[in-house]
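Colleague: Below is the structure I would like to discuss, written out as structure tokens.
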Amino acid sequence: MDCVAVDELKPILLMLLCQLASGGVNIFYKFAVADGMKIRILVVYRLIFATVFIAPIALVFERKSRPKFTWTIAFQAITCALLGQALASNLYAESLVLTSATYAAAMANLIPALTLLMSVVFRLEKFDIRRSTGKSKVLGTGLGIAGAMILTLYKGIKIDFLSTNVNLLSHYESTTRVTVHHNLVSGTALALCSCISYAAWLILQAKLIENYPVFSSTALTCFNGAVIAGVYCLCRERDFTDWKLGWNIRLLSAAFTGIVGSGIVIAITAWGTWVRGPLYVSSFSPLALIFVALLGSLVLDEKLHLGSVIGSVIIVLGLYLVLWGKSKEMKDSSLEITAISDGNQRGDEKPLSPVQQV
């Protein structure tokens, strides 16, 4: 396999790994909540574990390449931590409480569309509906949202061939009772704000990574997120018995969601936004629902339905269209730069500015 093919496949494989990790995070969230752990507290521990994991990596591998720390970088890191970690996570958790896991997951599928809109506004994405690339990105984003909605909201007939009849939550379901207070209007507003916050984080993360290396920016984001989320959580959760971690599922959930779900995923996401853009990264997010459905069938005895299969096929088709549009756009841009460079050598054109090259 040549270097060009590897460069093309690497972002796709890493984004798939991110969504698989996100699916695992959702499963561990279910374990922790079933054990009685508060989501807000889990968010804080998640970011603490992420910081402890990623900070030494940044110190070792980026000690020579890391530029001088400035107030601009500090502001970007704090903003990214607020929007992408503390705010988005807690708004989503609150929406879960006021609605349901299914409804909140369906609302989260708006992230690709919001990211596309913001990317166009901030000129991080080229958008010309008259060109095939523009049509492909819009259609692919729409199909991704539609497929995720079908997977989340439509059931249909049961599909039992992937079921293992293993339910690791059976013990908790028989001993834990959770009181739920529904408020659809407030829950919807909070879920929408969470999507907007996450999409804005993807945009800002692309700016931060231009000024600071991947691991260092991830460590800064996780650390600041832990501080912000911790202050908020301490104001809401004052019973310190709820904060205790033992050698149990709470510790395992905090460690997995922190090290894998935040430390590794945020670093890969930051790299992905740098090399391919925010829309490219967000287009993979509906795949997390597919992985959650598969993992739920394997370890939680959750039955797959026809809607899961139909939605998954539509999601994959939408993702393919977005990736095709981005790939063709990058090739067209490369050809334009080559043509202009040849013209420059003949003295026909002025040199391109860095902005024009992008």
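Colleague: Got a sec? Which of G147, G156 is at pLDDT 75 or above and over 20 Å from the mean Cα position of the chain (by Cα)?
Modeller: Values: G147 fails: over 20 Å from the mean Cα position of the chain (by Cα).
Among G147, G156, only G156 is at pLDDT 75 or above and over 20 Å from the mean Cα position of the chain (by Cα).
Colleague: Which residues, taken from the range 27-41, are out of contact with any Gly (no Cβ under 9 Å at 6 or more places or on another chain) and either without any contact (Cβ under 8 Å) to a residue 12 or more places away in the chain or aliphatic (A, V, I, L, M) (or both)?
Modeller: A32, V33, A34, M37, I39, I41 - these are the residues of the range 27-41 that are out of contact with any Gly (no Cβ under 9 Å at 6 or more places or on another chain) and either without any contact (Cβ under 8 Å) to a residue 12 or more places away in the chain or aliphatic (A, V, I, L, M) (or both).
Colleague: Would you confirm, using the coordinates I've provided, whether A81 is surrounded by 14 or more Cβ atoms within 10 Å (Cβ to Cβ) and either under 14 Å from A219 (Cα atoms) or touching a strand residue (DSSP E or B) at 6+ places or on another chain (Cβ under 9 Å) (or both)? Break it down stepwise before answering.
Modeller: Values: surrounded by 14 or more Cβ atoms within 10 Å (Cβ to Cβ): yes; either under 14 Å from A219 (Cα atoms) or touching a strand residue (DSSP E or B) at 6+ places or on another chain (Cβ under 9 Å) (or both): yes.
So A81 fits the description; yes.
Colleague: Which of the residues that make up the range 226-244 are of a type in the set (D, E) and exposed (fewer than 10 other Cβ atoms within 10 Å of the Cβ)? Let's see the steps before the verdict.
Modeller: Filtering the range 226-244 down to residues of a type in the set (D, E) leaves 237, 239, 242.
Once the filter is applied, which keeps residues that are of a type in the set (D, E) and exposed (fewer than 10 other Cβ atoms within 10 Å of the Cβ), the range 226-244 yields only D239.
Colleague: When you check L96 against the structure, is it modelled with pLDDT of 80 or more and assigned to a helix (DSSP H, G or I), yes or no?
Modeller: Details: modelled with pLDDT of 80 or more: no; assigned to a helix (DSSP H, G or I): yes.
Considered against the rule, which asks whether it is modelled with pLDDT of 80 or more and assigned to a helix (DSSP H, G or I), L96 comes out as no.
Residue-wise test of (1) of a type in the set (G, A, S); (2) more than 19 Å from K244 (Cα to Cα).
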| residue | (1), (2) |
| --- | --- |
| V25 | no, yes |
| F28 | no, no |
| I39 | no, no |
| A74 | yes, yes |
| G84 | yes, yes |
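Colleague: Is it the case that I259 is crowded, with 24+ Cβ neighbours inside 10 Å, closer than 22 Å to M15 by Cα and either modelled with pLDDT of 90 or more or within 22 Å of the chain's Cα centre (by Cα) (or both)?
Modeller: Details: crowded, with 24+ Cβ neighbours inside 10 Å: no; closer than 22 Å to M15 by Cα: yes; either modelled with pLDDT of 90 or more or within 22 Å of the chain's Cα centre (by Cα) (or both): yes.
Judged against the criteria, I259 is not a match.
Colleague: Considering V120, V25, which residue is more than 17 Å from the chain's Cα centre (by Cα) and either crowded, with 18+ Cβ neighbours inside 10 Å or at negative phi (or both)? Walk me through how you get there before you give the answer.
Modeller: On the way: V25 fails: more than 17 Å from the chain's Cα centre (by Cα).
The conditions single out V120.
Colleague: Hey, another quick one. Go through the range 268-293 and give me each residue that's of a type outside the set (S, T, Y), over 15 Å from L20 (Cβ atoms) and assigned to a helix (DSSP H, G or I).
Modeller: In the first step, residues of the range 268-293 are kept if they are of a type outside the set (S, T, Y); the result is 268, 270-272, 274-279, 281, 284, 286-293.
Adding the requirement that they be over 15 Å from L20 (Cβ atoms) leaves 270-271, 274-279.
Selection gives A270, W271, W274, V275, P278, L279.
The values are calculated or read from the model by the stated rules, or taken from the named source; none is laboratory data. Only a predicted model underlies this, so the values are computations on that prediction, with no experimental measurement involved. Because the Cβ atoms are built from the backbone with ideal geometry, glycine has one as well, and the counts that use them run over all protein chains shown.
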